[in-house]
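Each value in this text was obtained by applying a stated rule to the coordinates, not by laboratory testing. The structure displayed is predicted, hence computed values, not measured ones.
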Amino acid sequence: MNDGLRLVGAVAAVRIQGALLLGVSLASCVPAFLDGPNRLDPVAGIGTAALLFVSTFCALLKLRRPWYETRLARLTPPPATAEPVAPDRTFDLLSRTLTVPLLLVLAIGIGIGAATGVPAGMFLAGLAAAMLWQSRWLAAEEKRHGGRLLCPYAPFRVAPDDPHAAAYRESRFWIVREPSADLTPAS
């Protein structure tokens, strides 16, 4: 491994983050729907859950598409010093980075649900579902561009002296095109 910027597949990163967040955020809602002293009326609980989910789902779909399109418009090959992470290592790399934030989401969601009866995890479930929805569109864009879309792998905590901090903030996409096989018959 070199000291270059590590790049992961953009589609895989969105799918992994969305899938992990969706499961954790839904699990954090369980205490809100259990029978307890702070439980909301069933109609109010379901209405609150639906409002939290739909509002964040729609907001992310609306805001994130232009964000992706801006990055797709500036696609270039990755820098020579960058290290693309193999697709089979992407899940392990991202899931290790997301462990602490996901545990915090779970704990906070359980705490809010138990204390207030509000299924707060539905806010993040909407975001996660929107990420999964958008990953389909991003996969189609990846196919249309004819290569593997890459984005920077950013650690959970970025050191102040990290030479790649600017790349993490910029969050740009790069593309690696596979050499196409020559399909012309030999003469």
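If you average the C-alpha positions of region 26-73 and of region 139-168 separately, how far apart do those two centres end up, in angstrom?
27 Å
Pop out the ³J(HN,Hα) list for region 122-131 in order, Karplus 6.51 cos²θ - 1.76 cosθ + 1.60 with θ = phi - 60°, rounded to Hz; leave Gly and Pro as x.
5, 4, 6, 5, x, 4, 5, 5, 5, 4
Pairs of Cα atoms under 8 Å, at least six residues apart: use those to get the relative contact order of the chain, whole percent.
41 percent
After finding the eigenvalues of the alpha carbon gyration tensor for the chain, what semi-axes result from the square roots of 5 times each, listed largest first in whole Å? It would help to have the intermediate numbers written out before the result.
Numbers: eigenvalues 286, 75, 38 Å².
Over the Cα atoms of the chain, the ellipsoid semi-axes are 38, 19, 14 Å.
Taking H as built 1.01 Å from N, whose amide H comes closer than 5 Å to the amide H of residue 120, not counting residues under 5 places away?
Residues meeting the amide H criterion: 113.
Which whole-number value in Å³ per residue fits the convex hull of the alpha carbons of region 1-62?
Given the Cα convex hull of region 1-62, per-residue volume reads 128 Å³.
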